[in-house]
Amino acid sequence: MSCLVRHCRVAHAALLALPSALPLALVANAAAPTDVSLQSEAVSKGRATDPNGPLDLDTAADLALMGHPDLARYVFDRAAIEGRRLQAGLKPNPEIGVDLENFAGDGLYQGADSLEATLRLQLLVERTGKREARIGVADAQGDQLAIELTLARLDVLASTTRHFIDVAETQAQFELTRRGLEYAEQTLLAAQRRVQAGAASSLETNRARIAVERANLALEHHEHELSVRRRHLAAQWGATEASFSEVRSELLQLPATPEYGEWLMRLRQSPHFARFDVERRLREADVTLARSQAVADPTFSAGVRRLQQTHDTALIASLLVPLPVRDRNQGNIAEALAVRDRLDRERRAAAVRSEAALYDLSQELKHARAQVESLRDTVIPQAREALGLTRRGYANGRYSQIDLLDAQRTLLELESEQLRNAADYHRTLAAIERMTALAPAARTGNPTP
């Protein structure tokens with residue numbers, strides 16, 4: 001597609017597709033080259049086009065990558081890297097100077113009769129390798145910017161996915177609360193009929209009205225929460241308000257997931273660790289540059305001298321070579337080596353932290369799945385059956401209103417718990433996919449944000 005990034009077109013009509021498609025979406029969006037003119041246009045407009053109508057995750061991801069404010073800076077960062085590389089490749093400027101000697105003194109050197117004037121051109125001659133070392137550092141910084149951009153895109157996609165799940169969950173909770181209000185209103189009507197028939201006291205209608213009021217309060221709470229979460233989702237593409245009507249998802253569909261070992265393998269190949277390789281290339285370039293600066297550059301000059309006393313003209317030349325007796329840039333070299341060698345320890349520490357976090361997330365994922373499946377397959381069907389029996393018993397006078405309200409509340413609470421666990425499952429899976437998204441193939445040269 002001809003937009004800021006080439007996004008893999010995976011259908012997200014159901015949230016079932018969300019976790020299984022997320023790695024592809026993360027890699028395709030994060031690794032795809034960027035049309036700088038389109039991104040610059042998005043930066044100038046401040047945000048992407050707001051969607052109307054239902055919103056799926058695929059569209060939300062495209063919009064976020066087009067208009068997320070955090071990605072705008074990389075257009076300018078790339079321009080800065082290009083300027084840095086241009087500057088690194090420039091040779092030193094020649095210098096021109098004029099020397100005036102033997103004038104305005106005393107004796108023979110009074111006035112300007114003995115003046116000697118020299119016009120000289122001076123040039124610093126860079127030793128072989130210095131210019132290339134500077135360019136190497138700039139190129140390594142370009143590679144570093146590319147991996148930073150990949151990680152930033154992954155963060156944007158993961159954040160958009162989380163906000164999308166938040167909206168999907170709150171939408172479902174809102175509809176569940178609306179159904180709870182319908183239950184309460186039906187119970188109030190039934191209580192009023194029983195009171196009119198003399199089969200119950202007015203206490204039942206009072207109790208039912210309280211249930212209706214509580215349901216209205218819960219509905220207002222979820223309506224407020226939904227508005228806030230919709231706004232947070234729209235902010236992912238720089239919008240100031242949510243213009244979409246709803247998000248499309250099937251929250252209760254849980255896809256199968258890889259084993260922990262496969263995730264661990266992908267984690268070790270992810271951009272999170274690829275950045276250490278890029279960082280090491282940058283530090284190696286710093287070491288090369290520091291070593292190239294260990295020997296100072298000679299300065300050559302040549303010129304023409306005019307001797308006023310004899311009216312003669314002569315050529316002059318000089319060569320100035322610094323002696324590396326004390327300063328051989330050894331301090332900067334030692335610093336560059338230490339920073340380079342520190343990366344191995346940092347990589348190991350990051351691996352320990354990441355693998356521990358991945359294991360924790362994988363266990364949370366299993367727990368959330370077990371909760372959802374138990375509620376869906378066993379507990380909620382039993383609660384529905386109990387509610388049906390209680391309704392019939394209440395209508396026949398065998399069960400009290402308290403039994404009916406309790407059965408309704410139990411079913412609604414179980415369904416709400418099921419939604420929370422399902423949303424937690426998808427959020428956890430999205431976090432795992434963010435950690436384990438495969439890095440794009442290694443590249444050289446400047447990044448293309």
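The values are calculated or read from the model by the stated rules, or taken from the named source; none is laboratory data. Keep in mind the model is a prediction, meaning the values are calculated, not measured. Every residue, glycine as well, gets a Cβ built from its backbone with ideal geometry; the counts of neighbours run over all protein chains shown. To get the accessible areas, we keep the full protein, side chains included, count just its heavy atoms, and leave off ligands, DNA and RNA. Shrake-Rupley method; radii C 1.70, N 1.55, O 1.52, S 1.80 Å.
Odds and ends about this structure:
- Close pairs (8 angstrom Cβ cut-off, 6 or more residues apart or separate chains): open to solvent by 70 Å² or more (accessible area, probe 1.4 Å) in segment 371-388, assigned to a helix (DSSP H, G or I) anywhere: ARG376/GLN418; ARG384/LEU411
- Criterion: farther than 19 Å from LEU151 by Cβ, crowded, with 19+ Cβ neighbours inside 10 Å and not basic (Lys, Arg) - qualifying residue of LEU90, LEU86, LEU100, LEU63: LEU63
- Test: residue in segment 82-89 that is in a loop (DSSP other than H, G, I, E, B) and in contact with a Lys or Arg (Cβ under 7 Å, 6 or more places away or on another chain): yes
- Selection within segment 286-333 - part of a strand (DSSP E or B), open to solvent by 50 Å² or more (accessible area, probe 1.4 Å) and either of a type in the set (Val, Ile, Thr) or over 30 Å from SER114 (Cβ atoms) (or both): VAL304, THR313
Let's see how each residue does on (1) more than 17 Å from ARG409 (Cα to Cα); (2) touching a residue at least 40 places away in the same chain (Cβ under 8 Å); (3) open to solvent by less than 40 Å² (accessible area, probe 1.4 Å); (4) among the aliphatic types (A, V, I, L, M):
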residue: LEU154; (1), (2), (3), (4): yes, yes, yes, yes
residue: ARG178; (1), (2), (3), (4): no, yes, no, no
residue: ALA199; (1), (2), (3), (4): yes, yes, no, yes
residue: SER202; (1), (2), (3), (4): yes, no, no, no
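- Residue check, ALA256 aliphatic (A, V, I, L, M), at pLDDT below 95, part of a loop (DSSP other than H, G, I, E, B) and open to solvent by 40 Å² or more (accessible area, probe 1.4 Å): yes
- With respect to (1) in a helix (DSSP H, G or I); (2) surrounded by fewer than 21 Cβ atoms within 10 Å (Cβ to Cβ); (3) among the aliphatic types (A, V, I, L, M), the lone exception for VAL167 is condition (2).
- Long-range neighbours under 7 Å by Cβ, at least six apart or interchain, first residue over 15 Å from MET66 (Cα atoms) and in contact (Cβ under 8 Å) with a residue 40 or more places away in the chain within segment 236-253, second open to solvent by less than 30 Å² (accessible area, probe 1.4 Å) and of a type in the set (Asp, Glu): LEU251/GLU169
- Within segment 263-283, not a single residue is assigned to a helix (DSSP H, G or I), touching a helix residue (DSSP H, G or I) at 6+ places or on another chain (Cβ under 9 Å), of a type in the set (Ser, Thr, Tyr) and in contact (Cβ under 8 Å) with a residue 40 or more places away in the chain.
- Checked against (1) open to solvent by 70 Å² or more (accessible area, probe 1.4 Å); (2) more than 30 Å from LEU90 (Cβ to Cβ); (3) not aromatic (Phe, Trp, Tyr), ARG131 passes all but a single condition, namely (2).
- Among the candidates ALA350, ALA336, ALA430, ALA368, residue that is of a type in the set (Gly, Ala, Ser), over 25 Å from GLN269 (Cβ atoms), open to solvent by less than 10 Å² (accessible area, probe 1.4 Å) and touching a residue at least 40 places away in the same chain (Cβ under 8 Å): ALA368
- Condition check for LEU115: at pLDDT below 95 and closer than 30 Å to PRO298 by Cα: yes
Matching residues to (1) more than 30 Å from ALA294 (Cβ to Cβ); (2) under 26 Å from the mean Cα position of the chain (by Cα); (3) touching a residue at least 12 places away in the same chain (Cβ under 8 Å):
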site: ASP58; (1), (2), (3): yes, yes, yes
site: LYS91; (1), (2), (3): no, no, yes
site: GLN110; (1), (2), (3): yes, no, no
site: LEU115; (1), (2), (3): yes, no, yes
site: LEU121; (1), (2), (3): no, no, yes
site: LEU124; (1), (2), (3): no, no, yes
site: SER159; (1), (2), (3): yes, yes, yes
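- All conditions but one from (1) among the hydrophobic types (A, V, I, L, M, F, W, C); (2) at pLDDT below 90; (3) touching a Lys or Arg at 6+ places or on another chain (Cβ under 8 Å); (4) closer than 30 Å to GLU101 by Cα apply to ALA314; the one that does not is (2).
- Breaking point among (1) open to solvent by 20 Å² or more (accessible area, probe 1.4 Å); (2) touching a helix residue (DSSP H, G or I) at 6+ places or on another chain (Cβ under 8 Å); (3) assigned to a helix (DSSP H, G or I), for TYR399: (3)
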